[in-house]
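The values are calculated or read from the model by the stated rules, or taken from the named source; none is laboratory data. Just so it is clear, the structure is predicted and the values come from calculations on it, not from any experiment. Backbone-built Cβ (ideal geometry, glycine too); neighbour counts: all protein chains shown. Accessible surface areas use protein heavy atoms only, side chains included; no ligands, DNA or RNA. Shrake-Rupley method; radii C 1.70, N 1.55, O 1.52, S 1.80 Å.
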Amino acid sequence: MSKLLLIIKREFIAKVRNKSFIVMTFLSPLLFVGIGVFVGYLSQMKSDLKTIAIHDETGKFVNDFRSDEEYKYINLSTVDVKVLKDSIVNESYEGLLLIPRISNNDSLQKKIEYISNDSPNTFFIEKLQEKIAKRITDENFKASNLDTVSFQKAQANVEINLKKATGEEALKGVDIVKFGIGGAFGYLIMMFIVIYGNMVMRSVIEEKTSRIIEVIISSVKPFQLMMGKIIGTSLAGILQFLIWAIIGGILYFGLSAVFGVQIGSDAATLTPEQMNAASGFSIEKIKLYFDEIPFLQIIFCFIFYFIGGYFLYSSFYASIGAAVDNETDSQQFLLPIIMPLILGVYIGFFTVLNDPHGTVATVFSMIPLTSPIVMMMRIPFGVPWWEIVISLTLLFATFFGVVWFASKIYRIGILMYGKKPSWKELYKWLKY
């Protein structure tokens, strides 16, 4: 046990003292903030103004198209169509909306064309279709002697109020919020498993190629060495998490202290109704949204699923690092490891939102290779504790089983040099 603690301490100190670890620990939050600000800036940038030529031979539709910040519509109904088509080829206009002179609306709606050099935006074409369809519909109503105003008044606008069985108000859109939070935590687990798993693999490869491993293995068992690397690296990762949490807390409270007085003084002069109107959202509803999301359960489960998932996959990474002599040779073995993580992300995104408690989502939240991701996506929707306990039990039990197999590859692979291993070779090592 003392040897294992020494290895853990050595691996932890080696990771923490590494310059890249120190730089990325303090630079990563700034990078994330910078990327967020940059993406927000890009989303607010106005797209280039596109000019759309309209050749309306009927004269009925051209006034329905209003220019905006993205599209400018020009009435060129008097210009010859061939000239306009040549202008499109020369890129004088983004596109040409051609409405022929056909008196029959049933025939007209099938003869309208949009001409452009490139494939147009689908949403833009749908907007054009809606405007033209509305005008034709109004004309059809008039031709049938139907009162369009009365028809519009007669149209119903149903809004279903959501209620829980207990009588409380249910919130619209809360499932999207829950899915976003669960998806973010699941994706973080996948990302950090890959990052820290690769750190374990590179550490093993470096010691193996430098022949330091031959000295170390004479003093400790291969199993102890592998577990020491896994636990030491995980502790370094947890320390990184804590530093990020502290930095985030300091920034949050610091900004609150700087801007809080001004915000508080302004808010003090407003009534709750004015504050709700100014924000566009009810403060009471925001509280209801927070009450719907089990944050403590999410954080608690995130820690355990991160540790379990990391331990499980790091044992794979460590055994691969011991089997190969360089990172290039490791590529053939990494794909089967990464595939379950990718599968977990896809299963989560395509099944959890539609049916978080369905058979597919539930089964994959129990399978150890995908449970850290899929279960984290399900938890915001409310998962019974007994399911979480079973999932975690299977995860850690699988970890111990995989470690036993991985240690057999590890103890042989760390002393093998100059030979590129194959899957058949790894299977032989497992039988030794």
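Taking 151, 333 and ordering them by how much accessible surface each has at a 1.4 Å probe, largest first, produces 151, 333.
Rounded to the nearest 0.05, what FRET efficiency do residue 13 and residue 296 give with R0 = 25 Å and r taken as the Cβ-Cβ distance? Could you check?
Working: r = 33 Å, r/R0 = 1.31.
It comes to 0.15.
If you stretched the chain out fully between residue 342 and residue 188, how much longer would it get, using 0.36 nm times the residue separation minus the C-alpha to C-alpha distance?
Values: separation 154, 0.36 × 154 = 55.44 nm, distance 1.25 nm.
Extending this stretch completely gives an extra 54.2 nm.
Compared with the direct C-alpha span, the chain from residue 131 to residue 91 gains 11.9 nm at full extension, assuming 0.36 nm per residue.
For 106, 86, give me the order by solvent-accessible area with a 1.4 Å probe, most accessible first, ignoring ligands, DNA and RNA. Working shown, then result.
Values: 106 95, 86 70 Å².
Descending accessible area places them as 106, 86.
Quote the charge dipole size of region 24-111 about the Cα centre in Debye, to the nearest 20; the model charges only the Cβ of Lys and Arg (+1) and of Asp and Glu (-1). Don't skip to the answer; put the middle values down first.
Details: 10 positive and 12 negative charges, 32 e Å.
The calculation lands at about 160 debye.
In this simple spin-label model, placing a label point 7 Å from the Cα along the Cα-to-Cβ direction at both residue 359 and residue 304 gives a separation of 2.8 nm. Model label sites at residue 124 and residue 78, defined 7 Å from Cα along the beta-carbon direction, differ in position by 2.7 nm.
Using packing as a proxy for protection, rank 382-395, 399-412 so that the peptide with the highest average count of other Cβ atoms within 10 Å comes first. Don't skip to the end; give the middle numbers.
Values: 382-395: 15.3, 399-412: 19.1.
For the peptides 382-395, 399-412, the packing ranking is 399-412, 382-395.
Across region 10-36, the residues whose backbone nitrogen lies under 13 Å from the label position 7 Å along the beta-carbon direction of residue 246 are 26. Starting from the Cα of residue 3, step 7 Å along the direction of its Cβ; do the same at residue 389; then give the gap between the two resulting points in nm. Using points 7 Å along Cα→Cβ, the separation is 3.7 nm.
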